[in-house]
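Step one of this worksheet: look at the structure below.
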Amino acid sequence: MDAMAILISGSLAYDYIMDFSGRFRDYIMPKNIHLLNVCFPIRELVKSRGGTAGNIAYTLKLLGSEPVIVSVLGKDGGEYLIHLRRLGIGTRYIAQDKSRFTASAHIVTDRDDNQVAAFFSGADPKLTPPIPRIARILRVPHAHTTTNKSGALAIISPSHPHTMRRHMRECAAHGIPAIFDPGQWSSSLTGAAFREMVRTSAITIGNDYEIKLLIERTGWSMRDVLKKTRVLITTFGEKGSAIATAKGVMRVAPAKPRRVTDPTGAGDSYRAGFLAGLERQYDLTTCGRMGSVAASFCIEHAGTQAHRFTKNEFRARFKKTYGAEVKI
């Protein structure tokens, strides 16, 4: 089977991870919090490539898929572009803002695993290219199912809310099945934005907090949500995930990593595994299991794009965890 194009709308960012050997509480005086002026001496700084689109594409490539990113980088993003091209990830639809820096997250973690973070939104989201009519432009073979006339699949992951809404509309106009993934932008989305994007999605995914927020903001019940989107996926971290359809709810047990180093990026790896399963026309339970296995490899390493696995290693962990074979 020829690989279809998997379009990934989302952020591209640099993560600056800093390790503080002390405790924040020893440096902050509660009575003077209104005059806060604190400096934490950092013993180590790690700069890594991140962002939802980059993370999902990275793991998809490990799984043998053909991800195509639709996003924007800043004036310092040339190195990131080179990195993606070396991996064989499609970059034709990544714009570059020559006046602003790439989005960045600056995260300081103390010895008790408390974190202080600052996020810079980066390049102008208005420069983000539109979702392409991918079947024509990339000459991707037509759909592997009777419902997908585009020969493509898309995930609209967290970026700027206006970009997410625009890309969801473009997917609907082009007949491209889209996964709506509000992620960390959930708290910034209005009820109207949630309702619009759920209605135009084939699948909606989020962690338990994000799904609860979606239900609260829309005013819909779970049954109402499943009348708008065909599948609703809720992830619960180390407790696995749940995949709901009009026929019921399927629970997916988590795959155990060899060690737990850093859970950051595990959700993006889950999405990549799920997408890879959809591409291969697996049932939803198998897709969820592929997501869990992909996430388990990510957790074993510090950073969102530091994990590696071969297809044989992936198949072996899948079989060990679920007692079944999977072809990738």
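Can you tell me which residue among Ile69, Ile56 is outside any loop (DSSP other than H, G, I, E, B), closer than 26 Å to Ala103 by Cα and touching a Lys or Arg at 6+ places or on another chain (Cβ under 6 Å)? Spell out the reasoning first.
Values: Ile69 fails: touching a Lys or Arg at 6+ places or on another chain (Cβ under 6 Å).
That would be Ile56, the only listed residue that is outside any loop (DSSP other than H, G, I, E, B), closer than 26 Å to Ala103 by Cα and touching a Lys or Arg at 6+ places or on another chain (Cβ under 6 Å).
Looking at Gly90, Gly77, Gly51, Gly22, can you tell me which residue is on the phi > 0 side of the Ramachandran plot and either surrounded by fewer than 17 Cβ atoms within 10 Å (Cβ to Cβ) or touching a residue at least 40 places away in the same chain (Cβ under 8 Å) (or both)?
Values: Gly90 fails: on the phi > 0 side of the Ramachandran plot; Gly77 fails: on the phi > 0 side of the Ramachandran plot; Gly22 fails: on the phi > 0 side of the Ramachandran plot.
So the residue among Gly90, Gly77, Gly51, Gly22 that is on the phi > 0 side of the Ramachandran plot and either surrounded by fewer than 17 Cβ atoms within 10 Å (Cβ to Cβ) or touching a residue at least 40 places away in the same chain (Cβ under 8 Å) (or both) is Gly51.
How many residues does region 227-283 hold that are of a type in the set (A, V, I, L, M, F, W, C), surrounded by fewer than 17 Cβ atoms within 10 Å (Cβ to Cβ) and either closer than 20 Å to Ser65 by Cβ or under 19 Å from the mean Cα position of the chain (by Cα) (or both)? Don't jump to the end; show me each part of the working.
In the first step, residues of region 227-283 are kept if they are of a type in the set (A, V, I, L, M, F, W, C); the result is 231-233, 236, 242-244, 246, 249-250, 252-253, 255, 260, 266, 272, 274-276, 278.
Then keep just the ones that are surrounded by fewer than 17 Cβ atoms within 10 Å (Cβ to Cβ); that gives 236, 246, 249-250, 253, 260.
Of the ones still in play, those that are also either closer than 20 Å to Ser65 by Cβ or under 19 Å from the mean Cα position of the chain (by Cα) (or both) are 236.
Qualifying residue count, region 227-283: 1.
Test Ala95 against the criterion of being modelled with pLDDT of 95 or more, touching a Pro at 6+ places or on another chain (Cβ under 7 Å) and hydrophobic (A, V, I, L, M, F, W, C), and give yes or no. Spell out how you get there, then give the answer.
On the way: modelled with pLDDT of 95 or more: yes; touching a Pro at 6+ places or on another chain (Cβ under 7 Å): yes; hydrophobic (A, V, I, L, M, F, W, C): yes.
Yes; evaluated as a whole, the condition is true for this residue.
When only residues in region 298-328 that are part of a helix (DSSP H, G or I) and within 15 Å of the chain's Cα centre (by Cα) count, which is surrounded by the fewest Cβ atoms within 10 Å (Cβ to Cβ)? Spell out the reasoning first.
Here is the first cut: in region 298-328, the residues part of a helix (DSSP H, G or I) are 298-299, 311-322.
So of that shortlist, the ones also within 15 Å of the chain's Cα centre (by Cα) come out as 298-299.
Numbers: Cys298: 29, Ile299: 23.
Taking the candidates together, the pick is Ile299.
Hey, can you tell me all the residues within region 249-269 that are touching a residue at least 24 places away in the same chain (Cβ under 8 Å) and among the charged types (D, E, K, R)? Break it down into steps so the answer makes sense when it comes.
Taking region 249-269 as the starting set, the residues that turn out to be touching a residue at least 24 places away in the same chain (Cβ under 8 Å) are 250, 252-269.
Matches in region 249-269: Lys256, Arg258, Arg259, Asp262, Asp268.
Would you pick out the residues in region 180-199 that are buried (at least 19 other Cβ atoms within 10 Å of the Cβ) and in a loop (DSSP other than H, G, I, E, B)?
Asp181, Pro182, Leu189
Restricting to region 260-277, give me the number of residues that are among the hydrophobic types (A, V, I, L, M, F, W, C) and at pLDDT 95 or above. Lay out the reasoning, then the answer.
Initially, region 260-277 is screened for residues among the hydrophobic types (A, V, I, L, M, F, W, C), giving 260, 266, 272, 274-276.
From what is left, the residues that are at pLDDT 95 or above are 272, 274-276.
Summing the residues that are among the hydrophobic types (A, V, I, L, M, F, W, C) and at pLDDT 95 or above in region 260-277 gives 4.
The values are calculated or read from the model by the stated rules, or taken from the named source; none is laboratory data. Remember, it's a predicted structure, so these values are computed and weren't measured experimentally. Quick reminder, even Gly has a Cβ in these numbers, built from the backbone with ideal geometry, and neighbours come from all protein chains shown.
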